[in-house]
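Here is the structure we will look at.
The values are calculated or read from the model by the stated rules, or taken from the named source; none is laboratory data. Just so it is clear, the model here is predicted, and its values are computed rather than measured. Cβ sites come from the backbone with ideal geometry, for glycine too, and all protein chains shown count toward neighbours. For accessibility, only protein heavy atoms count, side chains too; no ligands or nucleic acids. Shrake-Rupley method; radii C 1.70, N 1.55, O 1.52, S 1.80 Å.
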Amino acid sequence: MPLTEATIRSLPTLHAFFAPGGILAQSTLPYEYRPGQLEMARAVERALEEKRHLIVEAGTGTGKTLAYLLPALRTGHRVIVSTGTKALQDQLYLRDIPFLESLLGELKVCYMKGRANYLCRHKLVTLTQHPILSGLEEIDQFHQISRWEKTTETGDRSELAGLPEASALWSRIDARSEACLGSTCPDYQRCFVTEMRRRAQESDIIIVNHHLFFADLAVRQQASGAPDAGVLPEAGAVIFDEAHELEEVASSYFGISVSNLRFEDLARDVEAMLKKGGGYASPPNTAVLVSSQQLRDRARMFFAQLPIAGDGRQPFDDREDFLETRGDLYLSVKHTLVRLEAELDQLRGIDEAPGLRKRVTNLRTELEFLLESNSGNMVYWLERRIHGGLHKQSRTTFLQATPIDVSSLLDAQLFQNFPTVVLTSATLTVQGSFEHIRRRLGLEDARELVVPSHFRYQDQALLYLPPEMPDPRAPDFPQAAARCIQRVLEITKGRAFCLFTSYSQMRDLYERLLPVLDYPILLHGSAPRNVLLEQFRETPNAVLFGTASFWQGVDVQGEALSCVIIDRLPFAVPNDPVVAARMKFIEESGGKPFFDYQVPSAVISLKQGFGRLIRSLEDRGVLVLLDPRIRQKRYGQTFLESLPPYRVTGTITEVQAFFENK
């Protein structure tokens, strides 16, 4: 339901809100007038009014959240705001919206997550009636969830602080769509997802994350616009914060992925349904049970024979060879799926049967696509991931297809479907140009705006490029890197992030430095990310060794983080199946893969990594890049010209002086 004219008129103008002496200046926030914030707000409002797309790079400290929220409220249409991470989603809903309400009065805003975050009441009732639980830990979790279900208003698992992230029980009782009974469910009116949809229909702003937005978009695409497809309501505009992540997120949801775990889960759920529905004795049930058990066994044999060596991501270019030599395994799985589909179709009086049949159909069609299709815009690949801790690990194998180029998909599904799409982030340009991000996302017709950061980088930050470092691919690089890191950390007294482009490099440097550093060292992977961040904030002089997930979406203000050290320029791994396919596609299209794809992507990643350091006007610190190619190679200038205007030095004594002269 759009805002009424009276409501829109009651909201302040952008000038009245952002200008000196305005509403924001009189608020509880420490206020300093930021011309860039008002300029961005006006650009967003104009794009919404004129139904145009807009792309904005707003440097850290601009205050871009308020710069798009107020224009979104003033537009008179429902607006979806999508963030790159749940952390920013939480910040928007739990901090920024209440702050705005303290100034503007009550607002109609809701917060939506993916269905797997919500409890399915019907599944919980079913499990209560037919408890199939393994071990004391699952029994304790079941009782905890049962008590919580009676009091929760949202059904959001984030309220369950004591529930492990990888809880096997939760995956059996969450509200994901593949097992949903829809409007035929006896608990439909009490359903948390139904209630979430109701709130969304009554809201002016809906806060989601990129994963939910593109999952919803993909569902609608597959359902060919069916009215009940997806969970997000119609909207007049979408604003993407942290828009530099869109290509990767969109690629994952416009692609297809089948894993051995999906087969195991399907067989388990079929058998649980039969047990609940009167046991296995009747002939239809017995036939379903036999097919389910056969499917589990044959899927295990099929995945065991896939040509994957070790863990990680590998190309699957030889699908034809695999079908020639192991085609019997694939056909046996496919035929078992066809038989199970037919047998589930014969079951009567069991609520879960239609949903399970739909899951079997989806699994069969996706497996067929992955083994038999020859889409020119898809790269086919395999991945094996390790799950669990040091003492209990399991491996999941994935068979995947990912679009090589998502630009035409995004143009058709996103930019042509919404009158206004606003893309914003602190890191979208390369050498001041949006050309790279526009080309990757298929955004042809859009206004552009670059809003410089409010921070005084010349005074607040020093970029140290140590001289005489070897090439990071050289055998003596780790030893030289360890010496340099140790020297810098002695000057900074710890208080640093050491960010790496690979786990192996991180482990190597960690093991070299652990015996010689006198500061507490936290290692990525030794605890959940949020726990490590909290330990870093609370531990004086701590040093955190991290990889990809610590390069962005991390906000540590103050002296606790006074140094960020990056081991090498963050080029994507060229033999990664998706990266290799994209580089080949660019070359065949007449482009230069390294300069058109590798360099711009690495520039944006480096800007993200360095962006961890200066998070407020009071922050000061040193950035260190150990990779000499930034000065030795021609493309290094592209990196230097794309970074904020840091003061640059190659002298360690200048680093020392920086910390002595606060």
Checklist outcome for this item: Filtered hits (lysines, Cα-Cα < 16 Å from Lys607, offset >= 8 within chain) -> none
Checklist entry - Which percent of the accessible area of the chain is formed by carbon and sulfur heavy atoms (probe 1.4 angstrom)? => result 51 percent
Checklist outcome for this item: For Tyr503, Tyr330, Tyr253, the accessible-area ranking with a 1.4 Å probe, largest leading, is Tyr503, Tyr253, Tyr330
Next on the checklist: Which residue, Leu306, Thr60, Val554, has the largest displacement toward the positive end of the dipole of the chain when charges sit on each Cβ (Lys, Arg +1; Asp, Glu -1)?
Outcome noted: Val554
Item to check | Taking N as its residue count, the alpha carbon Rg of the chain over 2.2 N^0.38 Å | outcome: 1.02
Next on the checklist: How would segment 432-580 be classified by its alpha-carbon gyration tensor: rounded, prolate or oblate, with rounded meaning a/c under 1.5 and the a/b versus b/c comparison settling the rest?
Outcome noted: prolate
Checklist entry - Picking from Ala235, His122, Gly36, whose Cα lies most toward the positive end of the charge dipole for the chain (charges on Cβ: Lys, Arg +1; Asp, Glu -1)? => result His122
Next on the checklist: If each DSSP helix of 4+ residues adds -39,500 (n - 2.57) and the sum is divided by the residues in the chain, what number results at 222 nm, nearest 500 deg cm²/dmol?
Outcome noted: -13500 deg cm²/dmol
Checklist entry - Does segment 1-134 classify as rounded, prolate or oblate by the C-alpha gyration tensor (a ≥ b ≥ c root eigenvalues; a/c under 1.5 gives rounded; else a/b over b/c gives prolate, otherwise oblate)? => result prolate
Checklist entry - Length gain on complete extension for the stretch Asn377 to Ala161, per 0.36 nm per residue less the alpha carbon to alpha carbon distance? => result 73.5 nm
Item to check | Straight-distance crosslink candidates among lysines, where the alpha carbon sits under 21 Å from Lys51 and sequence neighbours closer than 8 are dropped | outcome: Lys64
Item to check | Sites Ala168 and Asn575 - FRET efficiency at Förster radius 30 Å, r taken between beta-carbons, to 0.05 | outcome: 0.30
Checklist entry - In the chain, with Lys and Arg counted as +1 and Asp and Glu as -1 at Cβ, which of these residues, Ser526, Ser134, Ala481, has the Cα nearest the positive end of the dipole, that is, farthest along it? => result Ser134
Checklist entry - With every protein chain in place, what's the accessible area of Leu509 (1.4 Å probe, Å², nearest 10)? => result 0 Å²
Checklist outcome for this item: Given unit charges at Cβ for Lys, Arg (+) and Asp, Glu (-), the dipole magnitude of the chain about its Cα centre in debye, nearest 20, is 400 debye
Checklist outcome for this item: With every protein chain in place, the accessible area of Ile139 for a 1.4 Å probe, in Å² rounded to the nearest 10, comes to 60 Å²
Checklist entry - If you rank Thr402, Thr325 by how much accessible surface each has, with a 1.4 Å probe, what is the order from largest down? => result Thr325, Thr402
Checklist entry - From the Cα gyration tensor of segment 43-111, with a ≥ b ≥ c the square roots of its eigenvalues, which class applies: rounded if a/c is under 1.5, or else prolate if a/b is larger than b/c, or else oblate? => result oblate
Checklist entry - Per residue, how much accessible area does segment 493-556 show when a 1.4 Å probe rolls over the protein heavy atoms, in square angstrom? => result 46 Å²
Item to check | Antiparallel content of DSSP bridges confined to the chain, in %, to 5 | outcome: 30 percent
Checklist entry - Taking the C-alpha atoms of segment 364-445, how large are the radius of gyration and the largest Cα-Cα span, Dmax, in Å? => result 18.3, 53
Checklist entry - Measuring from centroid to centroid over Cα atoms, what is the spacing of segment 17-95 and segment 194-267 in Å? => result 24 Å
Item to check | Per residue accessible area of segment 267-354, 1.4 Å probe, in Å² | outcome: 52 Å²
Item to check | Cα-based Rg of segment 497-636 normalised by 2.2 N^0.38 Å, two decimals | outcome: 1.16
Checklist outcome for this item: Semi-axes (Å, rounded, descending) of the ellipsoid equivalent to segment 555-635 per its C-alpha gyration tensor are 32, 13, 10
Item to check | Where Glu366, Glu654 fall by accessible area, highest first, once all protein chains stay in place (1.4 Å) | outcome: Glu654, Glu366
Next on the checklist: Just to confirm my numbers, what's the Cα centroid distance between segment 330-374 and segment 575-647 in Å?
Outcome noted: 45 Å
Item to check | Probe 1.4 Å - accessible area at Arg507, Å² to nearest ten | outcome: 110 Å²
Next on the checklist: Please give the charge dipole size of segment 480-596, origin at the Cα centre, charges +1 on K and R Cβ atoms and -1 on D and E Cβ atoms. Round to the nearest 20 debye.
Outcome noted: 160 debye
Item to check | Relative contact order for segment 114-190, counting Cα pairs under 8 Å that sit 6 or more residues apart, in percent | outcome: 59 percent
Next on the checklist: Could you derive backbone 3J(HN,Hα) for segment 431-447 from the dihedral phi with the Karplus parameters 6.51, -1.76 and 1.60 (θ = phi - 60°), listing whole Hz in sequence and x where the residue is Gly or Pro?
Outcome noted: 6, x, 10, 8, 4, 4, 5, 5, 5, 5, 9, x, 9, 8, 10, 8, 6
Item to check | Whole-number percent relative contact order across the chain, with pairs defined as alpha carbons under 8 Å at least 6 apart | outcome: 16 percent
